[in-house]
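Notes for the one structure printed next.
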Amino acid sequence: MKKTIKFTKMEGAGNSFIIIEPVKDLNLKTFTQKVCDQSTGIGADGVLVCEKSKKADFGMRIINADGSEAEMCGNGARCLAVYIRQTRDPKKIQFTLETLAGQIMCEAKGEVANVRLSAPSGYLPDVPIKVNSKTMKVNFLNTGVPHVIVFVHDLDQINVAEIGKAIRNHVQFKPKGTNVNFVEQVDGTLVRNRTYERGVEAETNACGTGSVASAIVTYLKTHPYIMDKKAALMKVQTRNGDILEVRFDINNGVINNVWLKGNTKFIAQGEYYYV
């Protein structure tokens with residue numbers, strides 16, 4: 001007898017997610033691996049479980065396509081914020097989500113979502129590492145999950161799969177590894193970004209926390225002596241062409257009040273037959 005699980009599929013900046021409510025005794029790792037498969041499942045970058053929370057208004061579990069659980073997902077949080085606004089009708093304009101990376105604040109109107117992430121940490125500029133027998137300098141920032149930022153001059157020519165995989169598994173970032181972002185700066189407020197995503201183990205169309213990391217690191221590199229700034233703005237163009245807005249404050253050299261804003265889209269709703 002096949003089980004049926006109700007689902008909603010959404011995408012944000014090209015990242016796609018299967019959203020479900022909690023299902024008793026469901027093996028989330030196995031379920032996610034099956035449902036995210038492009039050939040035999042629905043196809044997605046991961047599964048989001050909209051849960052109850054004792055600490056926040058709602059809870060969010062994030063399961064990557066390979067079955068591993070992620071601490072945070074920026075575009076996933078944006079999708080879930082819109083889902084909650086349209087299916088739960090929270091009375092608050094702003095509501096909170098509990099994640100493994102801490103609580104985040106959400107706003108949603110129509111299919112546009114704005115989420116405030118936890119404060120970034122662990123900034124390391126110009127870290128020398130050896131990749132494929134060549135030494136290169138990379139930058140590191142944790143925006144809820146670990147991210148490496150590599151600045152390049154011709155983003156379209158970068159072998160994201162090969163170089164991204166090598167950095168993702170580099171000894172410098174063990175034991176958990178890292179996401180890898182290749183960033184080309186267009187002007188003072190716009191960058192283009194391509195991401196090799198940990199847990200998907202491939203390049204994805206976008207990465208919300210990666211966009212935030214790319215925006216903040218670019219701003220810090222462009223303004224090396226800035227100590228205080230209110231509502232600094234950077235825009236990030238993802239692989240599929242969407243543009244995400246990243247705003248943040250700098251107080252005495254410390255980054256906080258980080259917001260990620262962009263469009264989402266409902267793709268499908270239905271029942272998934274799960275054996």
Exactly one of Lys34, Lys29, Lys54 is over 28 Å from Thr178 (Cβ atoms) and out of contact with any helix residue (DSSP H, G or I) (no Cβ under 7 Å at 6 or more places or on another chain), and that residue is Lys54
Counting only residues that are outside any helix (DSSP H, G or I) and under 16 Å from Leu124 (Cα atoms), the range 216-250 contains a total of 3
Subset of the range 139-157, residues surrounded by fewer than 18 Cβ atoms within 10 Å (Cβ to Cβ) and assigned to a loop (DSSP other than H, G, I, E, B), comes to Val152, His153, Asp154
By residue number, the members of the range 165-182 that are under 17 Å from Ala70 (Cβ atoms) and either at pLDDT 95 or above or buried (at least 16 other Cβ atoms within 10 Å of the Cβ) (or both) are Arg168, Phe173, Gly177, Thr178, Asn179, Val180, Asn181
Log entry, pairs with first residue in the range 4-32 being in the same structural domain as Met60 (by TED's automatic domain parsing) and on the phi > 0 side of the Ramachandran plot, second being assigned to a strand (DSSP E or B) and among the hydrophobic types (A, V, I, L, M, F, W, C), beta carbons closer than 6 Å, six or more apart or on different chains, reads Ala13/Leu244
If we ask which residues in the range 236-257 are touching a helix residue (DSSP H, G or I) at 6+ places or on another chain (Cβ under 8 Å) and under 30 Å from Lys29 (Cβ atoms), their number turns out to be 2
The strands (runs of 3 or more DSSP E) lying entirely within the range 1-105 that contain at least 1 residues which are farther than 20 Å from Leu260 by Cβ are 3-12, 15-20, 46-51, 58-64
Practice task
Might you check whether a residue that is under 20 Å from Asn114 (Cα atoms), modelled with pLDDT of 95 or more and assigned to a strand (DSSP E or B) occurs anywhere in the range 200-215?
Solution key: no
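Each row is one residue, and each column tells you yes or no for (1) among the small types (Gly, Ala, Ser); (2) modelled with pLDDT of 95 or more; (3) not assigned by TED's automatic domain parsing to the domain that holds Ile18.
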| site | (1), (2), (3) |
| --- | --- |
| Ala56 | yes, yes, no |
| Ile63 | no, yes, no |
| Ala70 | yes, no, no |
| Ala81 | yes, yes, no |
| Lys92 | no, no, no |
| Ala101 | yes, no, no |
| Lys134 | no, no, yes |
| Val145 | no, no, yes |
When the range 1-30 is checked residue by residue, the ones that are of a type in the set (Phe, Trp, Tyr) and either within 19 Å of the chain's Cα centre (by Cα) or farther than 28 Å from Asp242 by Cβ (or both) are Phe17
Note on the range 217-253: residues among the aromatic types (Phe, Trp, Tyr) and modelled with pLDDT under 95 are Tyr225
Note: among Arg61, Arg78, just one is basic (Lys, Arg), closer than 25 Å to Thr178 by Cα and surrounded by 21 or more Cβ atoms within 10 Å (Cβ to Cβ), namely Arg78
Taking the range 184-199 and keeping only residues that are polar (S, T, N, Q) and in a strand (DSSP E or B), one is left with Gln185, Asn193, Thr195
Over the range 223-253, the set of residues out of contact with any Asp or Glu (no Cβ under 6 Å at 6 or more places or on another chain) and surrounded by fewer than 12 Cβ atoms within 10 Å (Cβ to Cβ) is Pro224, Tyr225, Met227, Asp228, Ala231, Gly241, Asn252, Gly253
Exactly one of Ala268, Ala202 is farther than 24 Å from Gln103 by Cα, aliphatic (A, V, I, L, M), in the same structural domain as Thr8 (by TED's automatic domain parsing) and touching a residue at least 12 places away in the same chain (Cβ under 8 Å), and that residue is Ala268
Taking the range 26-54 and the residues there that are among the hydroxyl-bearing types (Ser, Thr, Tyr) and within 18 Å of Thr4 (Cβ to Cβ), the one that is modelled with the lowest pLDDT would be Thr40
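The values are calculated or read from the model by the stated rules, or taken from the named source; none is laboratory data. Please read all numbers here as calculations on a predicted model, not as lab measurements. Here the Cβ is made from the backbone with ideal geometry for all residues, glycine too, and neighbour counts use every protein chain on show.
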